[in-house]
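The values are calculated or read from the model by the stated rules, or taken from the named source; none is laboratory data. Values in this document were obtained by computation on a predicted structure and should not be read as measured data. A quick note on method: Cβ atoms are made from the backbone with ideal geometry, for glycine too, and the neighbour counts reach across all protein chains shown. Surface accessibility is based on the protein's heavy atoms, side chains included, excluding ligands, DNA and RNA. Shrake-Rupley method; radii C 1.70, N 1.55, O 1.52, S 1.80 Å.
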Amino acid sequence: SKKALQQEKQAVEKASREIAEKARLLEQSNRYKTEFLANMSHELRTPLNSILILSGLLGENDRENLHQEQLESLGVIHKSGNELLDLIEDILALSQLETGKIKPYFQQHEVRELLRVISEKFKPLAHEKSLEFKCVIDSNVPSFAVMDFQKVKQALVNLLSNAIKFTKEGYIGVDVKYQAEPQQLNIEVRDTGIGIEQAQLATV
């Protein structure tokens, strides 16, 4: 009996060591993957920012030497570049999320600028599905608010993308309200689609 217990103890210790080693390797693998995604995201952003700046400058057509078709092409390049930049930011955020290292960067931003960016992206998509796009701001909402602009935008993009996907008729939109106590903005995404199941709300 004593010998059997000793063997069992040794087996448990061996299994514990193997589990610890697998956990170490998994953590190392995740760290390498996260570092790779972060580095790749930064490397991609450098040339992409150049494309956005140059296409924006050319699109201004200061010399008035570009015809309408060329200006429209530059507009498509600029818009596609911004969409790619958003995708890169999502990849970077995902890599940070996996390591629990997401850090908010709070700065003062114009509230209407956030809604302008969102409307510019989703109005055409809603129109394609014959949906109305509503953007409502209460009169007491301040012009500026302190927020992590990029992360708030990402959250709205994700919610609105799903709203468009699962809404067949009616509208999708964003309501912005101001709450005095505690001082905060309440941003709500609304749609006339199937919505989110109650059981999934906590996960979202």
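Could you compute the net charge surrounding Ser130? Neighbours are other residues with a C-beta less than 11 Å from the C-beta of Ser130; K and R count +1, D and E count -1. Charge balance in the 11 Å sphere: -1. Sparsely packed loop sites in region 60-164 (the chymotrypsin sites (Phe, Trp or Tyr not before Pro) outside DSSP H, G, I, E and B with at most 13 other Cβ atoms within 10 Å) comprise Tyr105, Phe106.
In straight Cα distance, which aspartates and glutamates are under 19 Å from Lys123, not counting same-chain residues fewer than 8 positions off? Here the aspartates and glutamates satisfying the reach criterion relative to Lys123 are Glu72, Glu83, Asp86, Glu113, Glu132, Glu169, Asp175, Glu188, Asp191. If you take the Cα centroid of region 40-55 and the Cα centroid of region 59-94, the two points sit 11 Å apart. Proximity of backbone amide H atoms, modeled 1.01 Å from N, is registered between Asp148 and Gln107 at under 5 Å, excluding neighbours fewer than 5 places apart on the same chain. Here the Karplus relation 6.51 cos²θ - 1.76 cosθ + 1.60, evaluated at θ = phi - 60°, turns the backbone of region 9-26 into coupling constants of 4, 5, 5, 5, 4, 5, 5, 5, 5, 5, 5, 4, 5, 5, 5, 5, 5, 5 Hz, with x for every Gly and Pro.
Over 19 Å between Cα atoms, which of Lys121/Lys151; Lys103/Lys177; Lys79/Lys103; Lys153/Lys177 qualify? Exceeds cut-off: Lys103/Lys177; Lys79/Lys103. The loop-placed GluC sites (Glu not before Pro) in region 102-183, going by DSSP, that have at most 10 neighbouring Cβ atoms within 10 Å of their Cβ come out as Glu169. When the Cα positions of Ala126, Ser55, Val146 are compared along the charge dipole of the chain, Val146 comes out farthest toward the positive end, with charges on each C-beta of Lys, Arg, Asp and Glu.
Taking all protein chains together and a 1.4 Å probe, the residues Ser161, Ser55 rank Ser161, Ser55 from largest to smallest accessible area.
For Gly170, the amide hydrogen comes within under 5 Å of the amide hydrogens of Glu132, counting only partners 5 or more places away or on other chains and with H modelled in the peptide plane. In sequence order, region 134-150 has phi-based couplings of 10, 10, 10, 10, 4, 5, 8, 6, x, 5, 10, 8, 8, 7, 8, 3, 5 Hz under the Karplus curve 6.51 cos²θ - 1.76 cosθ + 1.60, θ = phi - 60°, and Gly or Pro positions carry x. Positive end of the dipole of region 39-84 (Cβ unit charges, origin at the Cα centre): among Leu71, Gly81, His42, the Cα lying farthest that way belongs to His42.
Of the residues Val146, Val174, ranked by 1.4 Å probe accessible area with the largest first, the sequence reads Val146, Val174. Our summary gives the chain a relative contact order of 15 percent, counting only alpha carbon pairs under 8 angstrom and 6 or more residues apart.
Converting phi to 3J(HN,Hα) with the Karplus coefficients 6.51, -1.76 and 1.60 and the offset θ = phi - 60°, region 44-50 yields 6, 5, 4, x, 5, 4, 5 Hz in sequence order, with x at every glycine or proline. Residues of region 10-41 with an amide N closer than 16 Å to a point placed 7 Å from the Cα of Leu84 along the Cα-to-Cβ direction: 40-41. Of the solvent-accessible surface of the chain, computed with a 1.4 Å probe and all protein chains present, 55% belongs to carbon and sulfur.
Assign unit charges at the C-beta atoms only (+1 for Lys and Arg, -1 for Asp and Glu), then state the dipole size of the chain relative to its Cα centre in Debye, rounded to the nearest 20.
1180 debye
About its Cα centre, the dipole of region 147-204 is roughly 180 debye, where the only charges are +1 on Lys and Arg Cβ and -1 on Asp and Glu Cβ.
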